[in-house]
Structures are given as C-alpha cells and as structure tokens.
Amino acid sequence: MMKKFLWTALGLALVAGGTACYFANKMELFKDDADAYKKFESR
C-alpha cells in the first residue's frame, strides 16, 4: 500500500515538473516571438 502511494506521488511530481517546464518554455518562446507576432498582426 505504502509503496504504491510513493510511486503515485513520484509519478505526479514528474508530471507536474514536466508540465511546469513545458509552460515555462512556451512562455519564453512567446516572449521572444512577441515582436514578430506584432509585425505579423499589423500586416
């Protein structure tokens, strides 16, 4: 029982960490592309 709980917690932590990293990367990319996006919008 305890082992299963620990594995579940570990899995959730990995998923949460991966999601956080993914969104952080998305935000960085969006920040870099903001100027290019504005140019694209104004066309």
For this session: Only residues in segment 12-41 that are in a helix (DSSP H, G or I) count as the first member; pair them with residues that are of a type in the set (A, V, I, L, M, F, W, C) and modelled with pLDDT under 70, Cβ under 9 angstrom, at least 6 apart or cross-chain, and list the lot.
Result: Tyr37/Phe30
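The rows are residues; the columns are (1) modelled with pLDDT under 85; (2) surrounded by 10 or more Cβ atoms within 10 Å (Cβ to Cβ).
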residue: Met2; (1), (2): no, no
residue: Phe5; (1), (2): no, no
residue: Leu10; (1), (2): no, yes
residue: Gly17; (1), (2): no, yes
residue: Ala20; (1), (2): no, yes
residue: Lys26; (1), (2): yes, yes
residue: Phe30; (1), (2): yes, yes
residue: Asp33; (1), (2): yes, yes
residue: Glu41; (1), (2): yes, no
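The values are calculated or read from the model by the stated rules, or taken from the named source; none is laboratory data. Since we're looking at a predicted model, the values are computed, not measured. We place every Cβ from the backbone using ideal geometry, glycine too, and count neighbours over all the protein chains shown.
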